[in-house]
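Input: a single structure, listed below in structure tokens.
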Amino acid sequence: MGLFRRNKNNKKPVIRQIIDLVPRWMLNSCTTTYKTDKGVSKYKTYDQFVALTFGQLNKCQSLNDISAGIGVSKIFIEDLGLSQSPARSTMSDGNRKRDWHVFESLYNRLLSHYKSVLKKHHDTHTIEEIKGKVIKLIDSSTISLCLSMYNWAEFRTAKGGIKLHTSWDTYMMIPEVVNITEAKVHDRNGLDQLIYPKDTVIVEDRGYFDFTLMLNRIKAENVFVTRIKTNTLYETVRELELPDKIDQHILKDEIIRLNSNKAKEVGIDQYELRLVHVWKEDDNKVITIITNQLDWSYDTIARLYKKRWDIELFFKALKQNLQVKTFWGTSENAVKSQIYVALITYLLLELIKRTKSKYDQAFSNLSEKIRFCIYHYLTLDYVVNEVRSGVRKVSCKQTKLVFEKNLFSG
């Protein structure tokens, strides 16, 4: 059987070892909650999860690719825990009809299940002044869709799209909340929870700049760090002194009050806020950061806002290494199912990278290794640490090649 050969060290292919990181009882519990196997005889929730995960890890372009890829060997089908390879039409029906909430629930439960492990093995730069603080990064990312095919995702006149609204926990370095909406939904309305427990630090872009939200966060004793909108009216109460000849990228640090009619109507004008002006050399522009934290150093404020790059890197990794731009179904249910399985796959790969890797490596490198080895019966430890680019020599003597005559021989 060539590639599909079990060995004494490992009797499961790489993809099955990844799927087994999802406790079966957890998947069964989600299935029971949403009744997604009711009246189903063959293509059950587990089968769909396996098929979609295979499609994600192997970057399949279509349901036919998934069907053919899983069906290459009876041994492989059996070792995936399936009774048969899925047909394209069966997968299409499952994507359209099976409630996508089952995969959303599975992602959230996996996040809770592996929370302590993810926090223990996180890799993020600590800002000493706020060490131990809970920091949430809020952002969204838009995925364009063809409106004629995805008419439920209307965005503009001739364009469709969806938006991933995300809350990122900096100590898990994983999205803790993801809400998928039509792209036309404003960032401010994309997440149900934008007010957090006392002392939570919230970092976001100016899409979330809103006087009422800011006031509610002040009352909840949250700290917000965001960019001010360019047309915002304010008065300077006092300018804070900056040290000479160091931190030249900090242009100004001032205490302000918002004084527009809207600010006075909401009541935010009663509070002193902080404005830190930072020169961003790479983009040749000034970033103006507003916060309700008046005591931390300007460097802490600037570095906090820079942490937004973590969530930007997540969106980039998701779009480049997993299938969230090419979809295997046009219904809202199919698209959301695929995205949540992509998020589950991202979580599992991050878990493997953080707990198995003996050296620092990019998410893209790991996902590529997994794709190369998806059919192989190798340990995850071997795939993560031993599979790498470069020449590998075989120790045995070179076998003399004997060429037989064939159709193309002279």
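Give the number of residues within the stretch 350-367 that are free of Cβ contacts under 8 Å to residues at least 40 places away in the same chain and assigned to a helix (DSSP H, G or I).
The total comes to 4.
When the residues of the stretch 285-338 are filtered to those that are out of contact with any strand residue (DSSP E or B) (no Cβ under 6 Å at 6 or more places or on another chain) and among the β-branched types (V, I, T), which remaining residue is farthest from K131 (Cα to Cα)?
The selected residue is T330.
Checking the conditions here, which among K252, K245 is more than 34 Å from the chain's Cα centre (by Cα), charged (D, E, K, R) and exposed (fewer than 12 other Cβ atoms within 10 Å of the Cβ)?
Values: K252 fails: exposed (fewer than 12 other Cβ atoms within 10 Å of the Cβ).
Checking each option against the conditions leaves just K245.
Just the residues that are without any contact (Cβ under 8 Å) to a residue 24 or more places away in the chain and either open to solvent by 60 Å² or more (accessible area, probe 1.4 Å) or among the charged types (D, E, K, R) (or both), please, taken from the stretch 157-176. I'd like the intermediate steps shown before the answer.
Let us first name the residues in the stretch 157-176 that are without any contact (Cβ under 8 Å) to a residue 24 or more places away in the chain, namely 157-161.
If the condition is that a residue be without any contact (Cβ under 8 Å) to a residue 24 or more places away in the chain and either open to solvent by 60 Å² or more (accessible area, probe 1.4 Å) or among the charged types (D, E, K, R) (or both), then T157, A158, K159 are the ones that fit.
Residue pairs, Cβ under 8 Å, 6 or more apart or interchain, first in the stretch 219-232 and charged (D, E, K, R), second in a helix (DSSP H, G or I). List them.
What qualifies is R227/R206; R227/Y305; K229/R206.
For the stretch 246-284, which positions are of a type in the set (S, T, N, Q) and touching a strand residue (DSSP E or B) at 6+ places or on another chain (Cβ under 9 Å)? Before the answer, list the steps.
Kept after step one, since they are of a type in the set (S, T, N, Q), are these residues of the stretch 246-284: 248, 259-261, 270, 284.
Correct list: Q248, N259, S260, Q270.
Any chance you could count how many residues in the stretch 160-176 are over 28 Å from W309 (Cβ atoms) and either part of a loop (DSSP other than H, G, I, E, B) or more than 24 Å from the chain's Cα centre (by Cα) (or both)?
Initially, the stretch 160-176 is screened for residues over 28 Å from W309 (Cβ atoms), giving 160.
After this cut, where a residue has to be either part of a loop (DSSP other than H, G, I, E, B) or more than 24 Å from the chain's Cα centre (by Cα) (or both) as well, the list is none.
Number of matching residues: 0.
From S395, S409, which residue is open to solvent by less than 80 Å² (accessible area, probe 1.4 Å), in a loop (DSSP other than H, G, I, E, B), modelled with pLDDT under 95 and small (G, A, S)? Steps first, please.
Values: S395 fails: open to solvent by less than 80 Å² (accessible area, probe 1.4 Å).
Only one candidate passes the filter, namely S409.
Those residues that are surrounded by 17 or more Cβ atoms within 10 Å (Cβ to Cβ), acidic (D, E) and either assigned to a loop (DSSP other than H, G, I, E, B) or touching a Gly at 6+ places or on another chain (Cβ under 8 Å) (or both), I need them from the stretch 196-224; list them, please.
Matches in the stretch 196-224: D205, D210.
Restricting to the stretch 272-298, what's the tally of residues that are open to solvent by 50 Å² or more (accessible area, probe 1.4 Å) and outside any strand (DSSP E or B)? Walk me through it before giving the result.
Going residue by residue through the stretch 272-298, those that are open to solvent by 50 Å² or more (accessible area, probe 1.4 Å) are 272, 279-286, 294-295.
Imposing the further condition that a residue be outside any strand (DSSP E or B) reduces the set to 272, 281-284, 294-295.
Selection size over the stretch 272-298: 7.
For the stretch 180-232, enumerate the residues that are farther than 17 Å from S167 by Cβ and under 20 Å from the mean Cα position of the chain (by Cα).
Across the stretch 180-232, the qualifying residues are E182, A183.
Residue by residue, here is whether (1) at pLDDT 95 or above; (2) open to solvent by less than 10 Å² (accessible area, probe 1.4 Å); (3) touching a strand residue (DSSP E or B) at 6+ places or on another chain (Cβ under 8 Å) holds:
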position	(1), (2), (3)
T31	yes, no, no
G39	no, no, no
F49	yes, yes, no
S73	no, yes, no
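Have a look at Y375, Y340 and point out the one that is of a type in the set (F, W, Y), open to solvent by 20 Å² or more (accessible area, probe 1.4 Å) and touching a residue at least 60 places away in the same chain (Cβ under 8 Å). Lay out the reasoning, then the answer.
Numbers: Y340 fails: open to solvent by 20 Å² or more (accessible area, probe 1.4 Å).
When all the criteria are applied, what remains is Y375.
The values are calculated or read from the model by the stated rules, or taken from the named source; none is laboratory data. If you're wondering where the values come from, they're calculated on a predicted model, not measured in any experiment. Here Cβ is always computed from backbone atoms with ideal geometry, including for glycine, and neighbour counts include all displayed protein chains. Accessible surface is based on the protein model in full, side chains and every heavy atom, while ligands, DNA and RNA are left aside. Shrake-Rupley method; radii C 1.70, N 1.55, O 1.52, S 1.80 Å.
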